[in-house]
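This report concerns only the one structure given below.
Readers should treat all values here as calculations from the given coordinates under stated rules, not as data from a laboratory. Since the model is a prediction, treat every value here as computed from it, not as a measurement. Backbone-built Cβ (ideal geometry, glycine too); neighbour counts: all protein chains shown.
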Amino acid sequence: MFEFRNVTRQFGAKIAVDNVTLNIPAGQMVGIIGRSGAGKSTFLRMVNRLASPSSGSIVFAGRDVTKLKGADLRRWQRDCAMIFQQFNLVPRLDVMTNVMLGRLNHRSTLTSMLGLFTREERIMAIAALERLGIEQAALQPAGTLSGGQQQRVAIARALLQEPKVLLADEPIASLDPLNAKIVMDALRDINEREGITVITNLHTLDTARNYCERIVGMAGGRVVFDGKPEDLNADAVRTIYGTDKDGAGIDESMTSTAINISALSAANQSARVQPLALAGL
Ligand SMILES: Nc1ncnc2c1ncn2[C@@H]1O[C@H](COP(=O)(O)OP(=O)(O)OP(=O)(O)O)[C@@H](O)[C@H]1O
Ligand SMILES: [Mg+2]
């Protein structure tokens, strides 16, 4: 269970996250949506302490994670895996090694850096790659994989951390519709099977609606919507995304960037992926 209490992050005069208070029960799958600059990434980065709040507290299972230092902070960052839009793999290392880097905070840095992974860790890595359907790429340098494959490797690496929380910052923004679906299905599967809390920033409303039991809308650093997908009506969408310069409502297809643009072009180019594109994936 997360309790965010008056969480604020300022960069100079700019307030990126403004006095956010909310609770997230363990095991929930939450989508955070909002315009570019709304504060979504800053919010997520404060959870695993890639950024620290200027004020406020983030309490997880009774402990204020904003106060953790040293070994306690490293343990928290292990419990709190993160995946990114740009995957953040080590491109020249093979896929297996990238995945086993998820064990780094479970063991001494020296043995990890020497590549001294145990048989058990190798088995864990293969099992995670199999689960994500990319075991055939295990020995390839990660940099030679497609974006969709790299994101699956990043999820496998996150699984090896045996996290309590999985944070994802626009995990499908660089992917084509089919890979976006594979990645979102994997996140949902992890949420449902392991009961891991998933908090994911998303540009696409449709994806948030399809995959998240709860949607948090941010605008100007504040939470302006917090509810179920079915509560996200046109008024709520306008509150989150604003109106265009003529005062007209926002067209939902305009609320997403890369993924919907690629969905549209994929739909034009290939009848095979059209149903996915139509589903907004
Ligand atoms: N390190 C930083 N230094 C200065 N300003 C920052 C920094 N990080 C974020 N900001 C500012 O804080 C605000 C929120 O940024 P953030 O990256 O959290 O938004 P976002 O909702 O993730 O946007 P996007 O959808 O484009 O990823 C923006 O105005 C941004 O310019
Ligand atoms: Mg962002």
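At a glance:
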quantity: Footprinting exposure proxy for Arg107, Arg9 (fewest neighbouring C-beta atoms within 10 Å first); calculated: Arg107, Arg9
quantity: Per-pair calculated FRET efficiency, R0 = 45 Å: Glu130 and Ala236 via Cβ, rounded to 0.05; calculated: 0.65
quantity: Spin-label proximity, Arg63 to the range 15-36 - amide N less than 19 Å from point 7 Å beyond Cα toward beta carbon; calculated: 24-27
quantity: Estimated FRET transfer efficiency when R0 is 25 angstrom, pair Leu73-Val224 (beta carbons, to 0.05); calculated: 0.20
quantity: Listed residue pairs exceeding 26 Å between alpha carbons, taken from Lys69/Lys181; Lys40/Lys181; Lys164/Lys228; calculated: Lys69/Lys181
quantity: Mean-position separation - Cα centroids, the range 12-27 and the range 72-86, in angstrom; calculated: 18 Å
quantity: Förster radius 41 Å - calculated FRET efficiency between Val90 and Leu22, Cβ distance, rounded to 0.05; calculated: 0.75
quantity: Residue exposure sequence - Cys80, Cys212 - by fewest surrounding Cβ within 10 Å; calculated: Cys80, Cys212
